[in-house]
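Undergrad: Before anything else, here's the structure in question.
The values are calculated or read from the model by the stated rules, or taken from the named source; none is laboratory data. What you see is a predicted model; the values in this text were computed from it and never measured. Because the Cβ atoms are built from the backbone with ideal geometry, glycine has one as well, and the counts that use them run over all protein chains shown.
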Amino acid sequence: MFIPVGEQVKPIYEGFKYVRGVDKVYLLASDKTEKYAQNIKNRIEYIYKTEIVQIHPEKLDDIMEKLIDIIAKNKDEDIISNITGGTKVMSHACYILCSYLGGDAFYIFKRDDGSMEYVEMPMLKIKLNSIIEERSTRKRILEKLIERDYDSLTSLAKELRIRESTLSDLLDSLEGQGLVILERRGRTLKIKISKTGRIIFRLKELRDE
């Protein structure tokens, strides 16, 4: 269970009333909210295995990478998230992961009278197959770029065993989607995967396993 932690902790405790079968809780905390996360951990760790995950509250790629690392190590576990607390970026990261990987997300709504209400979030069906087709050259390009950057079109085309003109067109398309970065300096070209490309590729790999 992933829980973004902000300064308001009551909705976090309230959320535990609505979950069953949770084995481990990951509290996502920034430098500012780590003390709140530690207090929560102290109160719940006799019931749940609890870990505090230090994140940057406004960097989606940082949060996503850390969550993907956790999920990759716990592939057989169901995913659920109480997205009430933390920053909007933290909540969005958890929601995206739950939507794509078939998890559940909810938040706790505070009524005017102070009472709390459980609200289950509708899960969007996010499909990445249209972006990274299975067994496609586009996927092979990203596989290579996950491993390392390339300093020329020629070297990457040679490894992929395709024409440079074909590779150039595919890279332009991937760059347009924000999946790769092409750094042109005079006659040189550096090719690398973007943070977005790395996250999308890793998400698809998790889903396909």
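Undergrad: When you go through (1) within 27 Å of the chain's Cα centre (by Cα); (2) not basic (Lys, Arg); (3) not assigned by TED's automatic domain parsing to the domain that holds Ile71 one by one for Ile162, which number turns out not to apply?
TA: Checking Ile162 against (1) within 27 Å of the chain's Cα centre (by Cα); (2) not basic (Lys, Arg); (3) not assigned by TED's automatic domain parsing to the domain that holds Ile71, the one that fails is (1).
Undergrad: How many residues are over 23 Å from Val89 (Cβ atoms) and not charged (D, E, K, R) when one looks only at region 20-50?
TA: Count: 7.
Per-residue answers, yes or no, for (1) without any contact (Cβ under 8 Å) to a residue 12 or more places away in the chain; (2) crowded, with 22+ Cβ neighbours inside 10 Å; (3) assigned by TED's automatic domain parsing to the domain that holds Phe201:
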residue	(1), (2), (3)
Lys32	no, no, no
Asn42	yes, no, no
Pro57	no, no, no
Ile83	no, yes, no
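Undergrad: I would also like to ask the following. Contact list please: Cβ distance under 7 Å, first residue in region 59-74 and of a type in the set (Lys, Arg), second residue in a loop (DSSP other than H, G, I, E, B) and surrounded by 14 or more Cβ atoms within 10 Å (Cβ to Cβ), pairs at least six apart or on different chains.
TA: Pairs found: Lys66/Ile55.
Undergrad: Among what's in region 105-129 and is under 24 Å from Gly21 (Cβ atoms), among the hydrophobic types (A, V, I, L, M, F, W, C) and at pLDDT below 90, pick the residue that is surrounded by the most Cβ atoms within 10 Å (Cβ to Cβ). Outline the logic, then answer.
TA: Of all residues in region 105-129, those under 24 Å from Gly21 (Cβ atoms) come to 105-109, 116-125.
From the residues that got through so far, the ones that are among the hydrophobic types (A, V, I, L, M, F, W, C) too are 105-106, 108-109, 116, 119, 121, 123-124.
Those still in the list that are at pLDDT below 90 too: 123-124.
Details: Met123: 15, Leu124: 11.
Filtering first and then ranking leaves Met123.
Undergrad: Examine region 130-140 for a residue that is closer than 22 Å to Leu60 by Cβ, surrounded by 13 or more Cβ atoms within 10 Å (Cβ to Cβ), out of contact with any strand residue (DSSP E or B) (no Cβ under 8 Å at 6 or more places or on another chain) and not charged (D, E, K, R), and state whether such a residue exists.
TA: Keep residues of region 130-140 that are closer than 22 Å to Leu60 by Cβ, which gives 130-132.
Still in the running and surrounded by 13 or more Cβ atoms within 10 Å (Cβ to Cβ): 131-132.
Within this subset, residues satisfying the condition of being out of contact with any strand residue (DSSP E or B) (no Cβ under 8 Å at 6 or more places or on another chain) are 131-132.
This time we only want the ones that are not charged (D, E, K, R), so: 131-132.
Taking every residue of region 130-140 in turn, at least one turns out to be closer than 22 Å to Leu60 by Cβ, surrounded by 13 or more Cβ atoms within 10 Å (Cβ to Cβ), out of contact with any strand residue (DSSP E or B) (no Cβ under 8 Å at 6 or more places or on another chain) and not charged (D, E, K, R).
Undergrad: What number goes with the only condition from (1) free of Cβ contacts under 8 Å to residues at least 40 places away in the same chain; (2) assigned by TED's automatic domain parsing to the domain that holds Val9; (3) part of a helix (DSSP H, G or I) that Asp113 does not pass?
TA: (3)
Undergrad: How many residues are under 20 Å from Leu101 (Cβ atoms) and assigned to a helix (DSSP H, G or I) if we restrict to region 40-67?
TA: Counting residues in region 40-67 that are under 20 Å from Leu101 (Cβ atoms) and assigned to a helix (DSSP H, G or I) gives 8.
Undergrad: Which number in (1) in contact (Cβ under 8 Å) with a residue 40 or more places away in the chain; (2) within 20 Å of the chain's Cα centre (by Cα) marks the one condition that Ile108 misses?
TA: All conditions are met except number (2).
Undergrad: Could you run through region 68-92 and say how many residues are in contact with a Ser or Thr (Cβ under 9 Å, 6 or more places away or on another chain) and outside any strand (DSSP E or B)? Before the answer, list the steps.
TA: Restricting attention to region 68-92, the residues satisfying the condition of being in contact with a Ser or Thr (Cβ under 9 Å, 6 or more places away or on another chain) are 81, 83-87, 90-91.
Keeping just the survivors that are outside any strand (DSSP E or B) gives 83-87, 90-91.
The number of residues fulfilling the criteria is 7.
Undergrad: Any residue at all in region 92-104 that's surrounded by 21 or more Cβ atoms within 10 Å (Cβ to Cβ), in contact (Cβ under 8 Å) with a residue 24 or more places away in the chain and over 17 Å from the mean Cα position of the chain (by Cα)?
TA: no
Undergrad: Which one is farthest from the chain's Cα centre (by Cα), of the residues in region 176-209 that are among the acidic types (Asp, Glu) and outside any loop (DSSP other than H, G, I, E, B)? Break it down stepwise before answering.
TA: Kept after step one, since they are among the acidic types (Asp, Glu), are these residues of region 176-209: 183, 205, 208-209.
Right, trim to outside any loop (DSSP other than H, G, I, E, B) and you get 183, 205, 208.
Numbers: Glu183: 25, Glu205: 12, Asp208: 16 Å.
Applying the filter and picking the extreme gives Glu183.
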